[in-house]
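Enquirer: Mind having a look at this structure? Questions to follow.
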There are 6 protein chains.
Amino acid sequence: MPYVNIKITPAATPEQKAALIKGVTDLLVTVLDKNPETTFVVIDEIDADNWGIGGDTVTVRRQRKG
Amino acid sequence: MPYVNIKITPAATPEQKAALIKGVTDLLVTVLDKNPETTFVVIDEIDADNWGIGGDTVTVRRQRKG
Amino acid sequence: MPYVNIKITPAATPEQKAALIKGVTDLLVTVLDKNPETTFVVIDEIDADNWGIGGDTVTVRRQRKG
Amino acid sequence: MPYVNIKITPAATPEQKAALIKGVTDLLVTVLDKNPETTFVVIDEIDADNWGIGGDTVTVRRQRKG
Amino acid sequence: MPYVNIKITPAATPEQKAALIKGVTDLLVTVLDKNPETTFVVIDEIDADNWGIGGDTVTVRRQRKG
Amino acid sequence: MPYVNIKITPAATPEQKAALIKGVTDLLVTVLDKNPETTFVVIDEIDADNWGIGGDTVTVRRQRKG
């Protein structure tokens, strides 16, 4: 009965999101022998203005590297 | 001082969301004698492409049943 | 496929936790016609030292009222 | 390696969100001597219809005060 | 900069937890080309009394199957 | 009505946790003019075996530096 929440910045395609869901579900089956039918995965896409690392928004960090 | 987070797929109406908030607050008052004024409820609506069960997105599961 | 996370201070009995799980699952069935078999509820018990309201820990707020 | 999630109602400006990220990162450095480079902050903006206190949505609470 | 939270029932060994962390980090690198150095994984172990599916605690569901 | 969740590795003292709660509440008052009485802070202490960065547990990362 695992529950997994993945937070990423946008934008992943539907195919990429499906690959994350499949991959993390398979991982829980392989490592912990969990039942996939009761394995939930929720992906949250978080805007770069709303995500901070090192005290800066990801928006600012990307501009600095650009 | 409970905090409750409810994740659902869209789309609930404002009336349904109000009913969830009222219902879960009443439940915490009834079962645990909590103070409703310090009971928080946050509802997240998660797109069907971003929710996985059994290794598939909810989008795919719904198409299969359709 | 709802997922619900309930955070409370300790200590609820197993019977109270079972009542919360049953109550919130029934609520989602009633209000949104969700399938209970894919409704998850996770209860976190948070120590009063680790919970703050109004800038104070719940530990301190309870002492003040005592 | 702290992780901080801040949930607020909309709408904060990019400058306010940057100030929250900076402020909470500095706080973790000051209080716990954490490394800012491995300090993550994620801000979620939650619609007033999706947030409940005291059994009512924030939308309704604001109308009542208005 | 992904953040992943995995909730499971106890008890996973340290080796299994390390395998989950490695596996999900590799998955994010492979699928989304994320930087592993800013990929966080947090595992929460949730007691079977605190986890509900289908309106019952996992404790009760396991007894029923036993 | 903000809600803040802070995840750290153990072990913070009760005084440090109170300082985090006070500091983040003040920050929300200063930056967003939020009401402290409806500002919640929840601190989760996550074991170093259950936290991963760069594909390794924090336990392993700390040993490597030691």
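Since every read-out is calculated from the coordinates, none of them should be taken as a lab result. Quick caveat: nothing in here was measured; it's all calculated off a predicted structure. A quick note on method: Cβ atoms are made from the backbone with ideal geometry, for glycine too, and the neighbour counts reach across all protein chains shown.
Enquirer: Say whether the condition of being surrounded by fewer than 22 Cβ atoms within 10 Å (Cβ to Cβ) and in contact with a Gly (Cβ under 8 Å, 6 or more places away or on another chain) is met by at least one residue in the range B:43-51.
Expert: no
Enquirer: Shifting gears a bit: Which condition does residue D:23 not pass, out of (1) assigned to a strand (DSSP E or B); (2) in contact with a Leu (Cβ under 6 Å, 6 or more places away or on another chain); (3) not charged (D, E, K, R), if it passes all the others?
Expert: All conditions are met except number (1).
Enquirer: So which of E:39, E:25, E:57 is within 24 Å of residue C:41 (Cβ to Cβ) and crowded, with 19+ Cβ neighbours inside 10 Å?
Expert: E:57
Enquirer: I'd like to check something: does the range C:53-66 contain any residue that is free of Cβ contacts under 8 Å to residues at least 40 places away in the same chain, over 17 Å from residue B:29 (Cβ atoms) and away from chain F (no Cβ under 14 Å)?
Expert: yes
Enquirer: Continuing with the same structure: Output the residue which, of all residues in the range A:1-36 that are within 14 Å of residue E:21 (Cα to Cα) and touching a Ser or Thr at 6+ places or on another chain (Cβ under 6 Å), is nearest to the other protein chains (Cβ to nearest Cβ).
Expert: A:25
Enquirer: Next question, about the same structure. Name the single residue, out of those in the range A:1-20 being in a strand (DSSP E or B) and of a type in the set (A, V, I, L, M), that is surrounded by the fewest Cβ atoms within 10 Å (Cβ to Cβ).
Expert: A:8
Enquirer: Something else now. Would you say residue A:52 is assigned to a helix (DSSP H, G or I) and in contact with a helix residue (DSSP H, G or I) (Cβ under 7 Å, 6 or more places away or on another chain)?
Expert: So residue A:52 does not fit the description; no.
Enquirer: Let me ask something else about it. Please specify each residue of the range D:37-49 satisfying the condition of being in contact (Cβ under 8 Å) with a residue 24 or more places away in the chain and not in a strand (DSSP E or B). Quick ask: steps written out before the conclusion?
Expert: Within the range D:37-49, the subset in contact (Cβ under 8 Å) with a residue 24 or more places away in the chain is D:38-48.
Listed by number, the residues that qualify are D:38, D:39, D:46, D:47, D:48.
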